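Novice: This is the structure I want to talk about, given as structure tokens.
The values are calculated or read from the model by the stated rules, or taken from the named source; none is laboratory data. All values reported here derive from a predicted model rather than from experimental measurement. So basically every Cβ, Gly included, is an ideal-geometry build from the backbone, and we count neighbours across all protein chains shown. Side chains are part of the model used for accessible areas, which takes the heavy atoms of the whole protein and leaves out ligands, DNA and RNA. Shrake-Rupley method; radii C 1.70, N 1.55, O 1.52, S 1.80 Å.
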Amino acid sequence: MRTFCLITLCFLLVRVVYSQTSETTVKSYDVKVAVSKTSEFMDVSLKCNIMVNANNGMLCFLLNQESKVSSISYLRGSEWFSLPFKFTGRDSLLIFPADSLTSGNLYSLRFEYSLPAGMLSDTIMVFDRGNRWYPMIVDQVAPFRIEALAPEEYLVLSAGDPISSYTKENFTSYVWESRTPVFKLPLIILNSNVIKLKQINYKGVNISMYYMTADSAASDILALSEEAFGYFETAFGNYPYKSLRFVEIPYFEGINTGSGIIMLGTRSINDIAKGFSDGLYLSIAQQWIGAGVFAKYGTPGFWLLSLSLPHYLRLMYIRHAWGEELYNKSLRDPLQNYMEFAGKERDIPLIDITIPDSREKGIVLYAKGPYVFGRIERQLGADKWSGFIRNLCSICRGKTLTFEEFKNLLSAYDENGNTLNLLQKLVTGIGIEME
């Protein structure tokens, strides 16, 4: 149960927004951020390129409604023209172009706004998707570039890779970038006077830990991460970034995983030091599926692909590192919690879970989901299953994936269709037939 709580809490910042559609595709972000010691607001200048997928008279983004938006404009020719806008509902920002946006065309938008951030101090500041700190469309992934300006004693971290940093006139500029599309743009600001850093190098990839707790915990995390990272890269393909960062966030209750960055609550760090490493291995597995290949948000099977599948990749690492006995125990023991309500009124098919907002749904995803993928691996055969996952990670990295697309990719490894039939049965039904 410790692992269930640890894993599911990392998703609590996600809010389901069904009213937002995919009539617009975000193609890229270029963000400039500035923070200072004398202001409680963070200034943001953001440009994004969008593709309009349907003729539309307005655009809808999610942005923190406490933002003070000074202007929104779009590029026409070589000039920027102001656009009217208004907030409506929870964090919903409507933009009204002067002319109808034509399907298939690329447009550039510019947002100028300030966001409440609080005064800089020894406290770590974290802005993530749940904070709606940048204008976003909930089911989109996009490449990005962030340039952040902060007082020189502060560090700024994000997803992707560090590109450059330089100090001038008591301020330091940090540039972060991912040319591979990502699901979220975290922004973390830390006081370097209270943060310690340890790092190792794995075949050219810098794995680092920013922390405030005991040195031994950081060393343990790096050692465990190096072994797991090596397995996943060997088994499922090259990691796309030059670095992987772990950051201690004291007030986090669990683990929050981004592309190239993993945020650990202090309690989670202490649990890892005591030998409870499931969450750590899961977050590393998600660098391949979850924060590498992204399940399509809001579609059936989103949580199955983004949580249950990387949980099963974690179990594959356990089998590799410690053998079949521990693998089988780790696969079957969580089912004891599921069997308390399996096939009963509180049970729900894996494919129907839209958000893990109950204990039962969390158990279905954490316990039944990985068991289902274990059954699929046994049905398909270990070699075909590994080849399938490796191929999926290769062709879908930086892309969103629906469960139907997942099945279509799997079909190439399933000559007689028996594996797909079994998968469909297991994810659409309740209860489980134990082997």
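Novice: Which one is most open to solvent (accessible area, probe 1.4 Å) among residues in segment 307-333 that are within 22 Å of I289 (Cα to Cα) and either at pLDDT below 95 or of a type in the set (A, V, I, L, M) (or both)?
Specialist: Of everything passing the filter in segment 307-333, A321 is most open to solvent (accessible area, probe 1.4 Å).
Novice: Within segment 33-54, track down each residue that is surrounded by fewer than 16 Cβ atoms within 10 Å (Cβ to Cβ) and either among the hydrophobic types (A, V, I, L, M, F, W, C) or within 12 Å of L187 (Cβ to Cβ) (or both).
Specialist: Of everything in segment 33-54, those that are surrounded by fewer than 16 Cβ atoms within 10 Å (Cβ to Cβ) and either among the hydrophobic types (A, V, I, L, M, F, W, C) or within 12 Å of L187 (Cβ to Cβ) (or both) turn out to be M51, A54.
Novice: Which is among the small types (G, A, S), open to solvent by 40 Å² or more (accessible area, probe 1.4 Å) and either more than 23 Å from P143 (Cα to Cα) or in contact with a helix residue (DSSP H, G or I) (Cβ under 6 Å, 6 or more places away or on another chain) (or both), of G104, G57?
Specialist: Residue meeting the stated conditions: G57.
Novice: Another question, if that's okay. Give segment 378-395 a look and list any residue that's free of Cβ contacts under 8 Å to residues at least 24 places away in the same chain and not polar (S, T, N, Q), or say none.
Specialist: Once the filter is applied, which keeps residues that are free of Cβ contacts under 8 Å to residues at least 24 places away in the same chain and not polar (S, T, N, Q), segment 378-395 yields G381, A382, D383, I395.
Novice: A further question follows. If you scan segment 390-405, which residues turn out to be more than 19 Å from the chain's Cα centre (by Cα) and either crowded, with 20+ Cβ neighbours inside 10 Å or over 18 Å from T299 (Cβ atoms) (or both)?
Specialist: Within segment 390-405, R390, N391 meet the criteria.
Novice: Among the listed residues G431, G374, G387, which satisfies the condition of being outside any helix (DSSP H, G or I), open to solvent by less than 40 Å² (accessible area, probe 1.4 Å) and either under 30 Å from Y241 (Cβ atoms) or of a type in the set (G, A, S) (or both)?
Specialist: G431
Novice: Also: Tell me yes or no: at least one residue of segment 419-428 is farther than 30 Å from Q140 by Cβ, open to solvent by 40 Å² or more (accessible area, probe 1.4 Å) and either among the small types (G, A, S) or over 27 Å from the mean Cα position of the chain (by Cα) (or both).
Specialist: Yes, that holds for at least one residue.
Novice: Run F252 past the list (1) open to solvent by 50 Å² or more (accessible area, probe 1.4 Å); (2) in a loop (DSSP other than H, G, I, E, B); (3) of a type in the set (A, V, I, L, M, F, W, C) and report the number of the one that doesn't hold.
Specialist: (1)
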